[in-house]
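Engineer: Quick one: structure below, then a few questions.
The values are calculated or read from the model by the stated rules, or taken from the named source; none is laboratory data. The shown structure was predicted, so the numbers you read here are calculated from the model rather than taken from an experiment. Backbone-built Cβ (ideal geometry, glycine too); neighbour counts: all protein chains shown.
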Amino acid sequence: MEEYVGAIHIHSDYSDGSKSIPEIARIAQSVNLDFLLFADHMTLQPLYDGHEGWHDRVLVLIGYEINDPENMNHYLAFDIDKVLARDLTAPEYVRQIHQRKGLGFIAHPDEIRHAFDKYPPYPWTHWEVDEFDGIEIWNHMSEWMEGLTRANRLKMILSPRKLLKGPTDVTLQRWDQLSSQRKVVGIGAIDVHAYPYRLGPFTIVIFPYKIQFQSIRTHLLLAQPLIQDVQKDRRAVYDALRSGNLFISNYRWGEAKTFRFWAENKDRWAEIGRSIVCREGVDLRAWVPVDCQIYLVKDGRRIAEVFGKEMFHRTDLPGVYRVEAFRGKHAWIYSNHIRLTISAD
Ligand SMILES: [Zn+2]
Ligand SMILES: [Zn+2]
């Protein structure tokens, strides 16, 4: 497999981010990211202006972040070339993105932040819809805002990655539950804006892009390498996002490249995001680049754990399985699910 590491959910100066797309791409390249998925609020103007494509060694793809007329229910839409009408309700835009064969992710689904009146929470409230492709399971901005208090404000601003704990239990449980019904891809998001923030007499930038690009990363596993052909590479990245053949890491706690999780029965093997028949037994295996605490999660419950570089678990029980890896108390890697089924259909 070819592994490509990128950052998803980025705001540029087309909406409330603070830098231009070429500048942001240069910063991403300086910290070895391979791709960026931009999602400015309610606009695809950067796509129309020709910003999609290779910026030297970084592939820039442009989608947008949709909200409803009350500015609630934020939704990331990719793989589309036209913005939808602005007055749609959340169920309407989820459906329309799906009908146009776009790719849709629910943004910050369980956000509860409350530290700044200016930045209220924007949780998802329309769980009756089911035509979305995935959800953000880990959003740096949401988690940071949720952890913020008057007392720790300075510390949080000075080291914005340090206090990240990991995806919330509420979101993980929701994701596991949804995934038991159908494929729901979990992605990592940084939701980077690089807000200028006034602290007494100073104005400082919360979350410079460069710092955020070294936090929550999404690692795509592709069958073929990218070839610097925008249309083909765009297709490959979006297909990997659709299939869920990916994992999420927090780079703050180490380079997670080469992490793998797969399942094998006597006939074949299945990578992350796929299904495999388990009737006659399946070996689930994970490999991490350094010793750490590895957990195997089945249908939302941790069923096995090991400290080291490898995990092995044999089972014939159907369900959705994923892996979490921790370094000390720090959440580091989250894979997407592998589905074990009784029969091939
Ligand atoms: Zn949002
Ligand atoms: Zn956003």
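Engineer: Looking at 325, 304, which one is in a strand (DSSP E or B), without any contact (Cβ under 8 Å) to a residue 12 or more places away in the chain, of a type in the set (Gly, Ala, Ser) and not assigned by TED's automatic domain parsing to the domain that holds residue 173? Break it down into steps so the answer makes sense when it comes.
Structural biologist: Numbers: 325 fails: without any contact (Cβ under 8 Å) to a residue 12 or more places away in the chain.
Result of the check over 325, 304: 304.
Engineer: Now, a different point. Hey, can you tell me all the residues within the range 112-131 that are in contact with an Asp or Glu (Cβ under 8 Å, 6 or more places away or on another chain) and modelled with pLDDT of 85 or more?
Structural biologist: 122, 123, 124
Engineer: Moving to a separate point now. Across the range 71-118, which residue is farthest from ligand 2 (Cβ to nearest atom) among those that are over 19 Å from residue 137 (Cβ atoms) and of a type in the set (Val, Ile, Thr)?
Structural biologist: The residue in question is 89.
Engineer: Right, something else. Among the residues of the range 53-69, is any farther than 22 Å from residue 171 by Cα, assigned by TED's automatic domain parsing to the domain that holds residue 242 and within 14 Å of ligand 1 (Cβ to nearest atom)?
Structural biologist: Residues of the range 53-69 farther than 22 Å from residue 171 by Cα: 53-64, 69.
Applying the additional criterion that residues be assigned by TED's automatic domain parsing to the domain that holds residue 242 yields 53-64, 69.
Pick out the ones that are also within 14 Å of ligand 1 (Cβ to nearest atom) and you get 63-64.
Scanning the range 53-69 turns up at least one residue that is farther than 22 Å from residue 171 by Cα, assigned by TED's automatic domain parsing to the domain that holds residue 242 and within 14 Å of ligand 1 (Cβ to nearest atom).
Quick grid of which residues meet (1) assigned to a loop (DSSP other than H, G, I, E, B); (2) assigned by TED's automatic domain parsing to the domain that holds residue 122; (3) in contact with a His (Cβ under 9 Å, 6 or more places away or on another chain); (4) farther than 26 Å from residue 219 by Cβ:
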| site | (1), (2), (3), (4) |
| --- | --- |
| 8 | no, yes, no, no |
| 14 | yes, yes, yes, yes |
| 40 | no, yes, yes, no |
| 51 | yes, yes, no, no |
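Engineer: Checking the conditions here, which among 64, 4 is in a strand (DSSP E or B), away from ligand 2 (no atom under 16 Å from the Cβ) and not basic (Lys, Arg)? Give the steps one after another, and end with the answer.
Structural biologist: Working: 64 fails: away from ligand 2 (no atom under 16 Å from the Cβ).
Of 64, 4, the one residue that is in a strand (DSSP E or B), away from ligand 2 (no atom under 16 Å from the Cβ) and not basic (Lys, Arg) is 4.
Engineer: Next up: Which residues, counting only those in the range 21-44, are touching a Leu at 6+ places or on another chain (Cβ under 9 Å) and within 16 Å of ligand 1 (Cβ to nearest atom)?
Structural biologist: 37, 38, 39 - these are the residues of the range 21-44 that are touching a Leu at 6+ places or on another chain (Cβ under 9 Å) and within 16 Å of ligand 1 (Cβ to nearest atom).
Engineer: For the range 5-49, give me each residue that is modelled with pLDDT under 95 and acidic (Asp, Glu).
Structural biologist: Scanning the range 5-49 gives 13, 16.
Engineer: Please state which one of 194, 151 is within 16 Å of ligand 2 (Cβ to nearest atom), modelled with pLDDT under 95 and either part of a helix (DSSP H, G or I) or outside the structural domain of residue 274 (by TED's automatic domain parsing) (or both). Give the derivation first.
Structural biologist: On the way: 151 fails: within 16 Å of ligand 2 (Cβ to nearest atom).
The match here is 194.
Engineer: Do we have any residue at all in the range 207-230 that's of a type in the set (A, V, I, L, M, F, W, C) and either within 16 Å of ligand 1 (Cβ to nearest atom) or in the same structural domain as residue 307 (by TED's automatic domain parsing) (or both)? Break it down stepwise before answering.
Structural biologist: Let us first name the residues in the range 207-230 that are of a type in the set (A, V, I, L, M, F, W, C), namely 207, 211, 213, 216, 220-223, 226-227, 230.
Then drop every residue that is not either within 16 Å of ligand 1 (Cβ to nearest atom) or in the same structural domain as residue 307 (by TED's automatic domain parsing) (or both), which leaves 207, 216.
The answer is yes; a qualifying residue exists.
Engineer: Another one. What tally of residues in the range 78-87 results from selecting those that are in contact with a Lys or Arg (Cβ under 9 Å, 6 or more places away or on another chain) and surrounded by 15 or more Cβ atoms within 10 Å (Cβ to Cβ)?
Structural biologist: Going through the range 78-87 one residue at a time, the tally reaches 3.
Engineer: Next question. Could you go through the range 99-116 and let me know if any residue there is within 26 Å of residue 27 (Cβ to Cβ), surrounded by fewer than 17 Cβ atoms within 10 Å (Cβ to Cβ) and within 16 Å of ligand 1 (Cβ to nearest atom). Before the answer, list the steps.
Structural biologist: Going through the range 99-116, the residues within 26 Å of residue 27 (Cβ to Cβ) turn out to be 103, 105, 107-108, 111, 113, 116.
Now narrow it down to the ones that are surrounded by fewer than 17 Cβ atoms within 10 Å (Cβ to Cβ): 116.
This time we only want the ones that are within 16 Å of ligand 1 (Cβ to nearest atom), so: 116.
Yes - at least one qualifying residue is present in the range 99-116.
Engineer: A further question follows. Determine whether the range 303-321 contains at least one residue that is within 25 Å of residue 255 (Cβ to Cβ), surrounded by 16 or more Cβ atoms within 10 Å (Cβ to Cβ) and in contact with a helix residue (DSSP H, G or I) (Cβ under 8 Å, 6 or more places away or on another chain).
Structural biologist: The answer is no, given that none of the residues of the range 303-321 is within 25 Å of residue 255 (Cβ to Cβ), surrounded by 16 or more Cβ atoms within 10 Å (Cβ to Cβ) and in contact with a helix residue (DSSP H, G or I) (Cβ under 8 Å, 6 or more places away or on another chain).
Engineer: Another question about this same structure. Would you mind telling me which numbered condition in (1) within 14 Å of ligand 1 (Cβ to nearest atom); (2) surrounded by 15 or more Cβ atoms within 10 Å (Cβ to Cβ); (3) assigned to a loop (DSSP other than H, G, I, E, B) residue 18 fails?
Structural biologist: With (1) within 14 Å of ligand 1 (Cβ to nearest atom); (2) surrounded by 15 or more Cβ atoms within 10 Å (Cβ to Cβ); (3) assigned to a loop (DSSP other than H, G, I, E, B) applied to residue 18, the lone miss is (1).
Engineer: If you don't mind, another one. In the range 297-345, how many are under 24 Å from the mean Cα position of the chain (by Cα) and polar (S, T, N, Q)?
Structural biologist: Within the range 297-345, residues that are under 24 Å from the mean Cα position of the chain (by Cα) and polar (S, T, N, Q) number 2.
Engineer: Hey, among 298, 266, which residue is buried (at least 19 other Cβ atoms within 10 Å of the Cβ), without any contact (Cβ under 8 Å) to a residue 24 or more places away in the chain and either of a type in the set (S, T, N, Q) or at negative phi (or both)? Write out each step before concluding.
Structural biologist: Values: 266 fails: buried (at least 19 other Cβ atoms within 10 Å of the Cβ).
None of the others qualify; the one that does is 298.
Engineer: Could you grab me the full set of residues in the range 72-130 that are at positive phi and touching a residue at least 40 places away in the same chain (Cβ under 8 Å)? Let's see the steps before the verdict.
Structural biologist: Of the residues in the range 72-130, the ones at positive phi are 73, 79, 101, 108.
The answer is 73, 79, 108.
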